[in-house]
Amino acid sequence: MILNLRVPLVAVGLFVSATVLAGRPNVVFVISDDQGYGDLGCTGNPIIKTPNIDRLASQSSGLSDYHVAPTCSPTRCSLLTGHWTNRTGVWHTIMGRSMLRENEVTVGQMFTDAGYETGMFGKWHLGDNYPYRPEDRGFTEVYRHGGGGIGQTPDLWDNAYFDGSYFHNGEIVAAKGFCTDVFFDQANEFIRNCAKADKPFFAYISTNAPHKPLHCPPEYMDMYPDQSDNIAAFYGMITNVDDNVGKTRKLIEELGVADDTIFVFTTDNGTASGAKVYNAGMKAGKGSPYEGGHRVPFFLHWPAGGITKQHDVPQLTHAVDIVPTLLEMTGVKKPEQVKFDGVSIAALLDPTQDVDWPLRLVISDSQRVRDPIKWRSSAVMMQKYRLVNRKELYDVAADPGQKRNIASDHPEIVAKMRQFYEQWWAELKPTFSQTTEIYLGHPDHPVVRLTAHDWIQNVYPPWHQGSIRAADRKRPDSGRLVHEGHWAVKVIRDGKYQVSLRRWPAESGAAINAALPAGDDVPGATTPFRATPGQAITATQAVLRIDAEDLQRKPVAQDAAEVSFVTNLKKGSHQLAPVFEISEGELGAYYVVVTFLE
């Protein structure tokens, strides 16, 4: 919900005419992970080395009051749909709450429908099964890792930031080198092929760096000898992203398509590691409702559109504005059934326009719970004011560090901002019960790989492979282990299904009751998830539990890698929660493969 956001058509005339003259501009959209506003040289950081992004900023319109969600999946859903995070079903990064609802239309789909080649490279984090994968959401070329980061539970087993394996259009492929380099190399090949074929393209390059664990090529860490290992790795990962931004910009120049390519660099939330070094005067970082949690950099360069010099946009903007802006700049039509929560800010990005931008209110919140809680970790924004957690009001123009709560001095402003939130919440609340369900039995995805990352429960599931290796188990007060999580699934067609329970993923080849040695380390400041020794669970029975009913039970044979059940499933919604019985009680099967048989 946005108030009074109508911009006169005359204000966007430059972009309409530019689109007609230039044909269909290409788009290269780069977004890094956990890099904050202050983690760039061009925003004042005195230590970090980011010459290529600094150069981009000097040639771009930049949003200096641009806001996202305080964590990754929620930002990405808004950025790709133009909708509020909580409207899309994505208000967490795990627990089945990171999957983008199937009724949402992504910018990838919009550009594909308009005749563009569309590529997604790196981090998706909006679902790993049908219908939530990027290839299901309009992207025609996909090269990605699983889950929210390399080495997380949905990712391929034992992956680390070097020499990993990835999903390329649904197939598993091995790669050599550091992950960021791999993702940019794949994107550059896509760009090269499109340019040579004279096809317009949309390249979404989404790095998992500099998200933890902090792994980095040694030569980049060596650039920061006076910093702690953690900061040297964090900054080194960012400098590596910066080098790749420079290589991609050089490539599009060599290909002769730079003039009519919209090039964007931004990040997904506040800094995860850099706040203690430099945070541009803001309070807090990733996950916080304060400014440092959700105000991030955004630079857009487009020569054919007249955007070639540094131009600051001080007006309040939000991730929900990006899709309508790109549609206007490129001339791609909005689907008739889609109504954006954001608006085009093309006029603001135009350095020749003096726009009388009306008052607006926007919201950023960080739920990170199974179901949204009203006012939880929230920031209502209106021009220079920030209403945090319903009670705290700050004037960030006078108090950028948000040190002085002025709520008692401005009750009328607090009331206005609370009223906006109340209306926003009332509109979105009915959608919260629309659980995103993983499809079983769909012809396009007959074999479904489920992981504990997506268990719906009230405590954190084992979302990374370190927890899987450690046989992570949440013990209730009674002391007896009870599995309380489930996968929300939608059976698409009646039929016979095979449900195979695993303690280790199929690609590991490991037996259910096997212990695994620690995996190899990689360069960086922290150890990879695979360095945790894999504990044996000594399972005795496997139980097929659906809709809170134990349907079948089988013993776990010695050296068995999986226990499979065949069962008939009826079309509709179900809760799937298979378990292994162990000496302490029951442990949810971390990995389950469901195959439609007939």
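No other residue among Gln558, Gln498, Gln535, Gln541 is within 26 Å of His442 (Cα to Cα) and surrounded by fewer than 20 Cβ atoms within 10 Å (Cβ to Cβ) apart from Gln498.
Just one of the numbered conditions (1) within 22 Å of Val369 (Cβ to Cβ); (2) of a type outside the set (Ser, Thr, Tyr); (3) within 21 Å of the chain's Cα centre (by Cα); (4) part of a helix (DSSP H, G or I) is not true of Ala426: (3). When Gly585, Gly524, Gly534 are screened for being in the same structural domain as Gln465 (by TED's automatic domain parsing), under 22 Å from Ala510 (Cβ atoms), of a type in the set (Gly, Ala, Ser) and in contact with a strand residue (DSSP E or B) (Cβ under 6 Å, 6 or more places away or on another chain), only Gly534 passes. Show the residue pairs meeting these rules: Cβ distance below 8 Å; 6+ apart or different chains; first residue within the stretch 33-57 and more than 26 Å from Pro74 (Cα to Cα); second residue of a type in the set (Gly, Ala, Ser) and crowded, with 24+ Cβ neighbours inside 10 Å. Pairs found: Gly44/Gly38; Asn45/Gly38; Asn45/Gly274; Ile48/Gly274. Listed here are the strands (runs of 3 or more DSSP E) enclosed by the stretch 435-553 that have at least 2 residues being among the charged types (D, E, K, R): 495-502.
Would you please name the residue that is nearest to Val332 (Cα to Cα), looking only at residues in the stretch 176-196 that are touching an Asp or Glu at 6+ places or on another chain (Cβ under 8 Å) and among the hydrophobic types (A, V, I, L, M, F, W, C)? That would be Cys194.
How many of the residues in the stretch 554-591 are within 23 Å of Pro461 (Cβ to Cβ) and outside any strand (DSSP E or B)? The qualifying residues number 9. Taking the stretch 166-196 as the range and being small (Gly, Ala, Ser), surrounded by fewer than 17 Cβ atoms within 10 Å (Cβ to Cβ) and touching a residue at least 12 places away in the same chain (Cβ under 8 Å) as the test, the residues that pass are Gly170, Gly177.
Going by what's in this entry, would Ala514 be described as surrounded by 14 or more Cβ atoms within 10 Å (Cβ to Cβ), within 29 Å of Phe178 (Cα to Cα) and either in contact (Cβ under 8 Å) with a residue 24 or more places away in the chain or among the hydrophobic types (A, V, I, L, M, F, W, C) (or both)? Criteria not met by Ala514. The lone criterion from (1) out of contact with any Asp or Glu (no Cβ under 9 Å at 6 or more places or on another chain); (2) hydroxyl-bearing (Ser, Thr, Tyr); (3) over 27 Å from Met99 (Cα atoms); (4) buried (at least 16 other Cβ atoms within 10 Å of the Cβ) left unmet by Ser408 is number (4). Could you please let me know if Glu219 is closer than 30 Å to Asp444 by Cα and surrounded by fewer than 24 Cβ atoms within 10 Å (Cβ to Cβ)? No; evaluated as a whole, the condition is false for this residue. Pairs meeting the criteria (first residue in the stretch 274-295 and within 16 Å of Ile48 (Cβ to Cβ) and outside the structural domain of Asp395 (by TED's automatic domain parsing), second residue aromatic (Phe, Trp, Tyr) and buried (at least 20 other Cβ atoms within 10 Å of the Cβ), beta carbons under 6 Å, at least 6 apart or on different chains) are Ala280/Tyr37. Considering the stretch 240-250, and only residues there that are in contact with a helix residue (DSSP H, G or I) (Cβ under 8 Å, 6 or more places away or on another chain) and over 15 Å from Gly36 (Cβ atoms), the residue that is surrounded by the fewest Cβ atoms within 10 Å (Cβ to Cβ) turns out to be Lys247. Residues in the stretch 405-413: is at least one farther than 30 Å from Gln310 by Cα, assigned to a loop (DSSP other than H, G, I, E, B) and free of Cβ contacts under 8 Å to residues at least 12 places away in the same chain? Scanning the stretch 405-413 turns up no residue that is farther than 30 Å from Gln310 by Cα, assigned to a loop (DSSP other than H, G, I, E, B) and free of Cβ contacts under 8 Å to residues at least 12 places away in the same chain.
Residues that are surrounded by fewer than 20 Cβ atoms within 10 Å (Cβ to Cβ) and in contact with a Gly (Cβ under 6 Å, 6 or more places away or on another chain) were ranked within the stretch 426-481; the one that is modelled with the highest pLDDT is Gln457.
The values are calculated or read from the model by the stated rules, or taken from the named source; none is laboratory data. Note that the structure is predicted; figures quoted are calculated from it, not measured. Counting neighbours? That spans all protein chains shown, and the Cβs are built from the backbone with ideal geometry, glycine included.
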